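Below is one structure, written out as C-alpha cells; the observations come after it.
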Amino acid sequence: MSTRTDFSTTSSKKSTHKTWRRVRMKQVWMQSYKHDGREHRKWVKLYEVPGEKGIYWIDPDTPVVEADGSEWSSPFPVIYWLHPEKWYNVAILCKETGTGYYCNIASPVEYDDEHHLYRFIDYDVDLIVNEDGVYEVVDEEELTEHAHAMKYPQEILHKIAEATAELVALFEAQEGPFDPEARARWTEAWLEATS
C-alpha cells in the first residue's frame, strides 16, 4: 500500500493533501555536540521553508532528544534560522502570545547532504528573548567551566564573545532573524507551501 493511500484511509481529502505535500518537502535533522565531541542534543525533524534559504520549520510537539535520551518538545511551532558562516543559530518561538527567541552560541553549521543532517558545536552561552522583548545572556558560568575543562582555544573564546555581542546588537536593531516581519513572512511561506 502506498504512503499516500495510507494517509487517505485515516484523513480527510484536504488534510491528506497537506500531509502528502509535506512528505515531499525537504526534511532534515540536526545534531549538536560539545567541544569534546560528545553528543549534546538532537532535533529529529525540520522542514525547509520553500524559497527561504536557511529557514526551517519545526511542527509543534516534534521531539527534541537530549544526550541522556530524555525528550521534550514545544507546544508551538518553531522557525529555525541557520547560517553557514555565523557562530550562532536562532530558534524563533512562534507562541500565540508573541514571539520569543532562543539563540545558541555555536560553531557555524555544517551540512551532511548524504544524511540530510546539520551539525554544530554548542558553546554553552545562549541569548534568550521573551515575548515582551526582554533579553538575557545565560549560561556564562557553564562557559567558564567548560572552557577550563575542555581547554577551549583563545580563538574560540574570542568567537563566542563576538557572536554574543553580534546577536545582542542584531536584536536591539531588530534585524536579521529578529526582524519583526520575519516571523510573519516565513510563516506565510510555510503555510502557502503546505496548503
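Taken together, the values in this text are just the output of simple stated rules run on the coordinates, not laboratory data. Because the structure is a prediction, the values reported are computed rather than measured. Note that each Cβ is placed from the backbone with ideal geometry, even for glycine, and that neighbours are counted across all protein chains shown.
Run the simple label-point estimate for LYS42 and GLU142 please: 7 Å along Cα→C-beta, distance reported in nm.
The modelled label-to-label distance comes out at 1.9 nm.
What list of ³J(HN,Hα) couplings, whole Hz, do you get for region 161-168 from phi and the Karplus terms 6.51, -1.76, 1.60, once you set θ to phi - 60° and write x for glycine and proline?
Per residue, the Karplus-derived 3J(HN,Hα) values read 5, 4, 5, 4, 5, 5, 4, 4 Hz.
Using a simple charge model, +1 on the beta-carbon of Lys and Arg, -1 on the beta-carbon of Asp and Glu, nothing else, what dipole does the chain show about its Cα centre, in debye to the nearest 20?
Details: 21 positive and 36 negative charges, 287 e Å.
Dipole of the chain, to the nearest 20 debye: 1380 debye.
Pop a pseudo-label 7 angstrom from the Cα along the beta-carbon direction at both ALA169 and ASP132 and give the gap in nm to one decimal.
About 2.8 nm, to one decimal.
Distance from the Cα centre of region 79-109 to that of region 32-48, in angstrom?
Their Cα centres are 14 Å away from one another.
Rounded to the nearest 20 debye, what is the charge dipole size of region 99-195 about its Cα centre when +1 sits on each Lys and Arg Cβ and -1 on each Asp and Glu Cβ?
The dipole magnitude comes to about 140 debye.
List every residue whose amide H lies under 5 Å from the amide H of THR62, counting only residues 5 or more places away in sequence or on a different chain, with H placed 1.01 Å from N in the peptide plane.
SER74
Return the distance in nm (one decimal) between the two label points of a simple spin-label model at ASP179 and TRP72, each offset 7 Å from Cα along Cα→Cβ.
Here the modelled spin labels are 3.0 nm apart.
Using amide H atoms built 1.01 Å from N in the peptide plane, name the residues 5+ places from TRP57, or on other chains, whose amide H lies under 5 Å from its own.
Residues meeting the criterion, in which the H sits 1.01 Å from N, are TYR47, GLU48, VAL49, TYR80.
Quick one: which residues, 5 or more positions from LYS95 or on another chain, have an amide H under 5 Å from its amide H? H modelled 1.01 Å from N in the peptide plane, none for Pro or chain starts.
Under 5 Å from the amide H of LYS95 lie the amide H atoms of GLY100, each far enough along the sequence or on another chain.
If the limit is 23 Å between Cα atoms, which of LYS26/LYS159; LYS45/LYS151; LYS34/LYS86; LYS53/LYS151; LYS42/LYS86; LYS45/LYS159 go over it? The partial results should precede the final answer.
Working: LYS26/LYS159 31 Å; LYS45/LYS151 33 Å; LYS34/LYS86 17 Å; LYS53/LYS151 34 Å; LYS42/LYS86 20 Å; LYS45/LYS159 29 Å.
The answer is LYS26/LYS159; LYS45/LYS151; LYS53/LYS151; LYS45/LYS159.
Between THR97 and LYS151, what is the FRET efficiency for a Förster distance of 41 Å, r being their Cβ-Cβ separation, to the nearest 0.05?
Numbers: r = 42 Å, r/R0 = 1.03.
Plugging the Cβ-Cβ distance into 1/(1 + (r/R0)^6) gives 0.45.
Output the Kirkwood hydrodynamic radius of the chain, Cα pairs only, in Å rounded to one decimal.
Kirkwood hydrodynamic radius for the chain: 18.0 Å.
Identify which of SER107, SER70, SER32 has the largest mean-square fluctuation in a Gaussian network model of the chain, with springs joining Cα atoms closer than 10 Å.
SER70
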